[in-house]
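Beneath this line is the structure, given in structure tokens, with notes to follow.
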Amino acid sequence: MAIAVVVGAQWGDEGKGKITDFLAAQADVVARYQGGNNAGHTVVVNGTSYKLHLIPSGILYPNTQCVIGNGVVVDPTVLCSEMEYLNERGISTETLAVSGSAHVIMPYHRVIDELEEAERIEKIGTTGRGIGPAYADKFSRCGIRMAELADEASLRAALARTLPLKNRLLQRLYGHPGFTVDAILEQLVPLLPTIRPLLTDTSLLIDKARRQGKKILCEGAQGTLLDIDHGTYPFVTSSSPTAGGAAPGLGFGPNRIDQVVGVVKAYTTRVGEGPFPTELHGSLGDEIRERGHEYGTTTGRARRCGWFDAVMTRYSVRINGLTGIALALLDVLDAFDTLKICTGYMYRGQPLKAFPTDLEVLRDCEPIYIEVNGWQQNITGVRRWDDLPVAAQEYLQIVADAIECPVQLVSVGPGRDQTITVKPVFPT
Ligand code: IMP
């Protein structure tokens with residue numbers, strides 16, 4: 001078993017950080033393949049909570065090789081401040097490698113992100129981190145890559161090439177004063193000595209590890225429904241968090257992927273705008289939010305909460321080719337006497353079995369629920385499937401049947417040890 005991909009199977013924030021951290025203990029390499037510091041994971045180790053946005057959570061293990069792949073967009077200031085944050089807490093970043101082909105988020109990307117969002121008639125609710133504009137430049141072929149941060153001369157040349165274009169946009173369209181090469185250099189040049197040693201051909205690194213039979217965990221940020229192609233466009237991020245994105249985002253062939261684990265919450269949440277069929281307005285939604293601490297790691301925004309949506313997750317199983325799910329935050333449901341699972345949608349009086357790709361259809365979908373008994377007991381101390389209350393086992397089985405994908409892992413709390421392995425991802 002060489003390469004496993006972990007993806008968020010809903011709208012992001014599924015608890016992927018915790019699951020990735022759990023699996024990283026068994027992996028030799030942990031690699032991120034898309035997104036940037038729009039992501040956020042909180043990992044709790046021995047009672048200490050670590051908040052990371054860009055660096056893979058595998059960094060918390062001293063011997064795990066961590067990779068930021070070519071498909072990621074890197075804000076150099078965030079990269080260096082996260083390294084400092086970790087180093088200050090006694091965590092080494094010696095094992096971090098960053099692809100020279102990854103694109104750089106420049107200060108003007110953050111400004112354009114905010115200006116564009118302000119101009120939009122229908123807001124996307126972006127994180128304002130410059131993600132979309134950085135990917136737009138990548139695809140418009142006017143981006144700057146991490147390799148160009150190797151020294152001041154190449155960074156100066158890259159800025160001289162791209163800034164005139166960006167300044168024309170900022171000044172003529174938005175009335176912004178724009179940026180000078182010197183002002184950006186002043187911000188970034190002090191970071192170059194930290195960045196230079198990280199630059200690596202990460203595709204080659206992963207290939208070598210694979211040939212040596214090492215276990216490689218590829219980590220997608222965000223979630224399937226935020227995928228630029230398969231998400232609820234335009235309320236999506238600007239990259240491919242779905243499993244297929246791992247191959248181009250890290251530089252290996254898609255046939256190298258052995259397993260795809262989808263992380264799903266025992267319920268559903270969403271930040272930002274866009275349709276959300278099982279959303280709960282009122283006290284039930286509030287209770288889930290409070291019990292699950294459903295506030296964004298990156299922006300602190302309150303997440304919208306709702307019941308588990310099997311129609312959407314079945315779609316995610318199809319789009320990602322999930323071989324199993326890791327079901328997170330099951331303990332959040334401990335308090336409820338009855339629980340609902342959405343198994344279908346009604347659209348204008350007709351039942352829909354498949355998740356609609358048309359946003360306007362999704363907007364008008366009414367969930368069809370089945371109601372099941374809750375277990376109403378604290379499960380945070382459970383470590384084996386057999387010790388779960390029968391009602392919790394039944395809930396998991398109904399979910400697995402409804403999405404047509406087996407449950408591999410169950411998370412019952414934020415700690416590393418609060419995980420039930422039903423079927424190991426990296427068998428020994
Ligand atoms: P962007 O990625 O900052 O461009 O934001 C686009 C959309 O993706 C917005 O709705 C964000 O709230 C959402 N988003 C981006 N990253 C995450 C994440 O890590 N978790 C949940 N939502 C996210």
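A few comments on the model shown:
- Restricting the search to strands (runs of 3 or more DSSP E) fully inside segment 362-428 and requiring at least 2 residues that are out of contact with any Lys or Arg (no Cβ under 9 Å at 6 or more places or on another chain) gives 366-373.
- Residues within segment 210-256 that are away from the ligand (no atom under 11 Å from the Cβ), of a type in the set (A, V, I, L, M, F, W, C) and open to solvent by 10 Å² or more (accessible area, probe 1.4 Å), tallied: 1
- Positions within segment 257-273 being hydroxyl-bearing (Ser, Thr, Tyr) and away from the ligand (no atom under 14 Å from the Cβ), in sequence order: Tyr267
- Of all residues in segment 341-358, those satisfying the criterion of being open to solvent by 20 Å² or more (accessible area, probe 1.4 Å) and aliphatic (A, V, I, L, M) are Met346, Leu352, Ala354.
- Only residues that are within 13 Å of Val263 (Cβ to Cβ) and open to solvent by 10 Å² or more (accessible area, probe 1.4 Å) were counted across segment 1-38, and they come to 5.
- Test result for Glu279, of a type in the set (Asp, Glu) and in contact (Cβ under 8 Å) with a residue 40 or more places away in the chain: no
- Residues satisfying the criterion are present in segment 82-92 (criterion: under 18 Å from the mean Cα position of the chain (by Cα) and under 27 Å from Ala209 (Cβ atoms)).
- Selection within segment 3-31 - of a type in the set (S, T, N, Q) and either part of a strand (DSSP E or B) or within 10 Å of the ligand (Cβ to nearest atom) (or both): Gln10
- Here the condition is being closer than 21 Å to Phe22 by Cβ and more than 27 Å from the chain's Cα centre (by Cα); of Asp386, Asp417, it holds for Asp386 alone.
- Selection within segment 102-124: residues that are assigned to a loop (DSSP other than H, G, I, E, B) and open to solvent by 20 Å² or more (accessible area, probe 1.4 Å). The member of this set that is nearest to Thr64 (Cα to Cα) is Ile124.
- Test: residue in segment 304-315 that is open to solvent by 60 Å² or more (accessible area, probe 1.4 Å), over 18 Å from the mean Cα position of the chain (by Cα) and over 28 Å from Gly415 (Cβ atoms): no
- With a requirement of 2 or more residues that are of a type outside the set (A, V, I, L, M) and modelled with pLDDT of 95 or more, the strands (runs of 3 or more DSSP E) lying completely within segment 32-101 that satisfy it span 65-68.
- Any chance Val181 is in contact (Cβ under 8 Å) with a residue 12 or more places away in the chain and out of contact with any Lys or Arg (no Cβ under 8 Å at 6 or more places or on another chain): no
- Residue within segment 163-181 that is open to solvent by 60 Å² or more (accessible area, probe 1.4 Å) and either in contact with a strand residue (DSSP E or B) (Cβ under 8 Å, 6 or more places away or on another chain) or within 28 Å of Asp201 (Cβ to Cβ) (or both) present: no
- Criterion: of a type in the set (Val, Ile, Thr) and not assigned by TED's automatic domain parsing to the domain that holds Gly245 - qualifying residue of Val111, Val45, Val73, Val67: Val111
The values are calculated or read from the model by the stated rules, or taken from the named source; none is laboratory data. Keep in mind it's a predicted model, so treat the numbers as computed, not measured. Every residue, glycine among them, receives a Cβ derived from its backbone with ideal geometry; neighbour counts consider all protein chains shown. For accessibility, only protein heavy atoms count, side chains too; no ligands or nucleic acids. Shrake-Rupley method; radii C 1.70, N 1.55, O 1.52, S 1.80 Å.
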